[in-house]
Amino acid sequence: MHEPVNRTILLFDIERFSRRDDVVQVVLRRSLNKIVDLALEAAGVEATQQYREDRGDGLIALISADVAKTVLLRSLLTSIPDLLHEHNLLASDSAQMRLRIVLATGEVAHDPHAGTTGGLVGHDLNQACRLLDADVLRAALAARQEEHCVLAVSAPVYEGVIRHGHRGVRPDLFQAVEVVVKDGVLPAWIHRGTAPDRMSAPAVVPAASPDSACGGVPAPESAEAPAPSPAGSGAVGEAATSAPQQRSTGAVFHFHGAPVIHGSFVGGDQHGVSGGHVTGDVVLGGTRNQDGSQGGGRS
C-alpha cells in the first residue's frame, strides 16, 4: 500500500442514472467523461495532475494538491453548468443529464491489486462519498428543475478557500448543512445556484444510511411557524384593555347597524391600520334619519 497523500477530491454522480436503459447509460457515461475532461482542461489541470475512476453512474477524480482550488471552483461553477446546458440542449428527453458534485480535500492512499481496478483508501474520501449521496444534496438538485447541477463542498474547502471570498467565489452563495453519518455529523456547504432565495435556514439532515454511503432515508420536512402580526396592529372594533399583572387583550365591540366614520359609510369586514388619524365625528352603529341627520348608535 502506498503512503496516503493530500488530494483534492472531486466527485460526480448522474441523477436517476439507474432508471435509464443500457443504451442511454452508455451515452451518459461518455458525455460525463467528456464534460469532466473539458472542465478540468479549463481549470488548467494536466493529465499528470489527476487520477480518475469510473463508478458507473459517476466519477471520482483526485487532483494534485498543487492545483489551486479556487481555479477548480470557478470551473465547477461556470464550465460545468455551461457544458451540461449544451449537452441537454441537444440530447433527447431520455438522455438529459443533471449532476450532483462534491468538492472535498484530504488524505487518500492508492492500494491497487493485480487484475483489478481502483483501490482508493481514505476516511476523507469516504466522507466525501457520503456527502455525495446525502438526501440534502439530492433534494437540492430536485428542487432546481431549471438547473443542471448542484455543488457541495466539505468543511475544509469552505473554511480554507470559499469563506475568504476569492475572485469568482462568493461565500454568501453557499448554504451550511449538516449530514448525520454513522460516526458523527458531517458539516458541509451547498451552493445556492442561480436562485439563492430558494434555500432556507441551515438544516441537519440524516445521511443515506448509517452503514453505507449509498441509499438513504428522506429527511422530515420542518413546518414553518406562522409569521407574527406586526407590532401595534389591530382590527377595527378592537380596543386595548389592561389588567394588573396581565397581558393586554382586545375588547370586542358588537355593532348594531352599519358604523359611520366622518360621514363615510363602512359596510362589511374592515381592517384598520395602526398609526392612522381620524378627524370629525365618529358614529358607531349609527343610522341616518329621513332628514339626512345622523342618529346615535349603541355598542
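A short reminder: the numbers here are calculations on the coordinates, not readings from a lab. Not measured: the values here are computed from a predicted model. Note that we place each Cβ from the backbone using ideal geometry, even for glycine, and neighbour counts take in every protein chain shown.
Only one residue in E107, E86 is of a type in the set (D, E) and within 26 Å of Q145 (Cβ to Cβ). Which one?
None of the others qualify; the one that does is E86.
Out of everything in segment 166-188 that is small (G, A, S) and part of a strand (DSSP E or B), what residue ends up being surrounded by the fewest Cβ atoms within 10 Å (Cβ to Cβ)? Can you show your working first?
Taking segment 166-188 as the starting set, the residues that turn out to be small (G, A, S) are 168, 176, 184, 188.
With part of a strand (DSSP E or B) added as a condition, the list becomes 176, 184, 188.
Working: A176: 13, G184: 10, A188: 26.
Of everything passing the filter in segment 166-188, G184 is surrounded by the fewest Cβ atoms within 10 Å (Cβ to Cβ).
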- [ ] Output the number of residues of segment 106-165 satisfying the condition of being buried (at least 17 other Cβ atoms within 10 Å of the Cβ), assigned to a helix (DSSP H, G or I) and over 23 Å from the mean Cα position of the chain (by Cα).
- [x] 2
Task: When residues of segment 2-41 are limited to those that are in a loop (DSSP other than H, G, I, E, B) and touching a strand residue (DSSP E or B) at 6+ places or on another chain (Cβ under 6 Å), the one surrounded by the fewest Cβ atoms within 10 Å (Cβ to Cβ) - done: H2
